[in-house]
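Encoded as structure tokens, the structure appears first; notes follow it.
The values are calculated or read from the model by the stated rules, or taken from the named source; none is laboratory data. Quantities reported herein were computed from a predicted structural model and do not represent experimental measurements. Cβ placement follows ideal geometry from the backbone for every residue including glycine, while neighbour counts extend to all protein chains displayed. The accessibility values were calculated without ligands, DNA or RNA, using every heavy atom of the protein model including side chains. Shrake-Rupley method; radii C 1.70, N 1.55, O 1.52, S 1.80 Å.
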Amino acid sequence: MDVLLTMRAFRRVVERNSFYKAAEDLAITPAALSKQIKQLENRLGTLLLVRTTRSMSLTEAGLLYYQEACRLLGEFDALEQTVAASAQQVSGMLRVNAPLSFGLTVLSPLLPPFMQRYPQLQVELTLDDRVLDVVAAGFDISLRIRRRLPDSSLSARALGEVHQRICAAPG
């Protein structure tokens, strides 16, 4: 039994005061909804709803379960919204390693607008011409300017190409 699903179903039955209307809202049959609520009652070992052919009412245990289910489902929904919102937000620490001249001329001017766009992100920029063990040093990104990279388990991507002009002097 999916406890959250059943809790939501029970809450809907109480809010709509009708198995038929709640089942319609949940896109299931009234019989399936009734079976869900009966399984919940069996699992809890108590009657939550007193049902007749014309009416339905909460028992004392049903009222307690409804109140706590509303509170828990509200907290669960808020938790999911918070996590989903934070997943959309770039945050944390980004450790970048780059050659000194490239960092000063290219990266430095790009950092202020980047940091403004992602205020929750902290960037640690290390400028060093030495090729470091980026994994051991804990870098997320290492930018290198060279024609070929040594064999490595790291993935490398060419971000651009350097074009050389060959000039021939008349003989």
Between Val123 and Lys21, what is the label-point separation in nm under the 7 Å Cα-to-beta-carbon projection?
5.6 nm
Test of understanding: what is the full-extension gain from Thr82 to Leu4, defined as 0.36 nm times their sequence separation minus their Cα-Cα distance?
26.3 nm
Using a basic spin-label model with each label point 7 Å from the Cα along Cα→Cβ, how many nm lie between Gln89 and Gln116?
2.1 nm
Provide the per residue accessible area, probe 1.4 Å, for region 12-151, rounded to a whole number of square angstrom.
70 Å²
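For the chain, what proportion of DSSP beta bridges, expressed in % and rounded to the nearest 5, is antiparallel?
Of those bridges, close to 25 percent are antiparallel.
Projected area of the chain, taken from the Cα convex hull and averaged over every viewing direction, in nm²?
Details: hull surface 79.1 nm².
The Cα convex hull of the chain, projected and averaged over all directions, gives 19.8 nm².
For Lys35, Lys21, give the ranking by accessible area with the largest first, probe 1.4 Å.
Values: Lys35 125, Lys21 95 Å².
The residues order as Lys35, Lys21, largest area first.
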Grab the beta carbon distance between Thr52 and Ala32, set R0 = 22 Å, and tell me the FRET efficiency rounded to 0.05.
0.60
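Per residue Cα convex hull volume for region 1-61, in cubic angstrom? Show your work: numbers first, answer last.
Working: hull volume 4.7 nm³, N = 61.
Expressed per residue, the convex hull around the Cα atoms of region 1-61 is 78 Å³.
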So how exposed is Glu124, as accessible area in Å² (1.4 Å probe, rounded to 10)?
70 Å²
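Using a 1.4 Å probe on the protein heavy atoms, what percent of the accessible area of the chain belongs to carbon and sulfur? Let's see the in-between values first.
Values: 7010 of 12830 Å².
C and S atoms contribute 55 percent here.
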Angle, helix 60-87 long axis vs. longest principal axis of the chain, Cα atoms, 0 to 90°, nearest 10?
10 degrees
